[in-house]
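Novice: Got a structure for you, written out below as structure tokens; questions coming shortly.
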Amino acid sequence: MTDVVDSIETFVVTLDRETPYLGPADPGTGENERGYIVRRRNGTIYPTVDRSVLVRITTKSGRVGWGETYGICAPLAVCEIIKDLLAPVVSGRSPLDAASLWDELYDLMRVRGYIGGFYLDAIAAIDIALWDLSAQICDVPLCQLLGGARRESIPAYVSGLPASTLDERVELARQWQQRGFDGVKFAAVVSNDGIVTEMGALRDALGPDHKIMIDLHWMFSAAEAVELADRLAPLRPAFIEAPVKPENIDGLTEVARRAPFPVAAGEEWRTVHDALPRLKAQAIGIMQPEMGHTGVTQFMRMAHLAHAFHVPIAPHATIGMGIFMAASLHATAAAPLVTTHEYQHSIFDRVAGFVEGDLICREGAYALPGGTGLGVRPSAAMMEHAVRID
């Protein structure tokens, strides 16, 4: 008889950090009583700590699978959805049914906010844990269940230059270049000297062949983004990311049509239902699935859909504790049309020391975690920062 799910537990893990995610807070923007700041340029809320939601699924035989999703804001919302809605449905089921269980859990909440947000994030965490267990049951690395590894190492670009001044950010970029990374992305939301100015300074410092990307964090109208793209054109960015608000598909399509370089988007998408209308509209040149939102099932469906539209993927990476990052690396190894994978060094380098198993990114590339399943799990040291949510 196939091993089945016996228990599902959730944990909120919090790690303090000296500098807020993306860089120092805007002048005059203070931390509120719940520990959040709002970036004024794009109006989005961020925590001043690193925080994530972990899911541990244990089977009747005692196997343990780990999943993870976004927990940076209101993490208890995800935990309650899992406890109240999802866990009772998954209990007693086979982990080998991960993909069909994703569909079943998605269908539960039709007409009740099923298309995104905390609900889909909660499903993503369970989905990752089920795939981890499935690969363990089959005694193979996760990528083998996803079609096999197309690559043993995954090209990586440096994401984020969390320093206060432009000169300091340029120096950080130089240091990463010296370590063997041929691409860097900076965040427009903290580009206090101006986006074009920062792009120019980086181009001068890094040379004509270095790949420089810009995350625009949904800050502009389509007309503003097109005008910015015209000014950036002589500096040859490798891509601009998220130029307009996610809801504005027509605007994204316009920017993609008129920009002289690729437009990337997708970190906030949860499913192929987000990806399909944008791919059909030719609104993106690069798709950026985020494992913490999609889970393994939708990540792979989105990757194969992008392949059908001849659109490459460059998976997104964000605040996490290494579990969904490992899942992303396995899925990326198995996916077609991969160009590169984001490397959030200020997060990844720290949590790599908090997991059992190898999370390695050096000299411009990730190594694929070894072993069966995800190849990593939280260490005892990480769990000292975890609170179990009953």
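Novice: May I ask you to derive the FRET efficiency for Asp349 and His304 from their Cβ-Cβ distance with R0 = 22 Å, giving the value to the nearest 0.05? The partial results should precede the final answer.
Specialist: Numbers: r = 31 Å, r/R0 = 1.42.
So the FRET efficiency works out to roughly 0.10.
Novice: Using only helices, what value at 222 nm comes out for the chain when you add -39,500 (n - 2.57) per DSSP H run of length 4 or more and divide by the total residues, to the nearest 500 deg cm²/dmol?
Specialist: -11000 deg cm²/dmol
Novice: Moving to a separate point now. Counting other Cβ atoms within 10 Å of each Cβ, which GluC sites (Glu not before Pro) in region 180-279 have at most 10 and sit in a DSSP loop?
Specialist: Working: sites: Glu198, Glu224, Glu227, Glu241, Glu247, Glu254, Glu267, Glu268; in loops: Glu247, Glu267, Glu268.
Here the sparse-neighbourhood loop sites are Glu247.
Novice: If you take every DSSP beta bridge fully contained in the chain, what fraction is antiparallel? Give it as a percent rounded to 5.
Specialist: Details: 33 of 54 bridges.
For the chain, the DSSP antiparallel bridge percentage is about 60.
Novice: Now, a different point. With point charges of +1 on the Cβ of Lys and Arg and -1 on the Cβ of Asp and Glu, referenced to the Cα centre of region 84-158, which listed residue (Pro141, Ser91, Val158) lies farthest in the positive direction of the dipole?
Specialist: Going by the Cα projections, it comes out as Val158.
Novice: Loop-only GluC sites (Glu not before Pro) in region 1-78, please: DSSP not H, G, I, E or B, and at most 11 other Cβ atoms within 10 Å. Each step should come with its number before you reach the end.
Specialist: Details: sites: Glu9, Glu18, Glu31, Glu33, Glu68; in loops: Glu18, Glu31, Glu33.
Of the GluC sites (Glu not before Pro), the ones in loops of region 1-78 whose Cβ has at most 11 other Cβ atoms within 10 Å are Glu18, Glu33.
Novice: Another question about this same structure. Given the whole protein assembly as supplied and a 1.4 Å probe, what does the accessible area of Arg236 come to in Å², nearest 10?
Specialist: Estimated to the nearest 10 Å², Arg236 gives 120 Å².
Novice: If you put +1 on each Lys and Arg Cβ and -1 on each Asp and Glu Cβ, how big is the dipole of the chain around its Cα centre, in Debye rounded to 20? Don't skip to the end; give the middle numbers.
Specialist: Details: 34 positive and 48 negative charges, 114 e Å.
So the dipole magnitude of the chain works out to roughly 540 debye.
Novice: Go through region 183-197 residue by residue and turn each phi into a ³J(HN,Hα) via Karplus (6.51, -1.76, 1.60, θ = phi - 60°); whole Hz please, and just put x for glycine and proline.
Specialist: x, 8, 10, 10, 9, 5, 5, 10, 8, 5, 8, x, 5, 5, 4
Novice: Okay, next question. Please list, in order along region 95-106, the HN-Hα scalar couplings obtained from phi with the Karplus expression 6.51 cos²θ - 1.76 cosθ + 1.60 (θ = phi - 60°), rounded to whole Hz, x for Gly and Pro.
Specialist: After applying 6.51 cos²θ - 1.76 cosθ + 1.60, I find x, 5, 9, 3, 5, 5, 5, 4, 4, 5, 5, 4 Hz.
Novice: Just how much of Ile195 is accessible, in Å², when a 1.4 Å probe is used and the result is rounded to the nearest 10?
Specialist: Estimated to the nearest 10 Å², Ile195 gives 20 Å².
Novice: Under 5 Å between amide H atoms, partner at least 5 residues away or on a different chain: which partners does His341 have, H built in plane at 1.01 Å?
Specialist: HN-HN under 5 Å from His341: Ala156, Tyr157.
The values are calculated or read from the model by the stated rules, or taken from the named source; none is laboratory data. Predicted model, so just to flag it, every value in this text is computed and none were measured. Counting neighbours? That spans all protein chains shown, and the Cβs are built from the backbone with ideal geometry, glycine included. Side chains included, ligands, DNA and RNA excluded: accessible areas come from the protein's heavy atoms. Shrake-Rupley method; radii C 1.70, N 1.55, O 1.52, S 1.80 Å.
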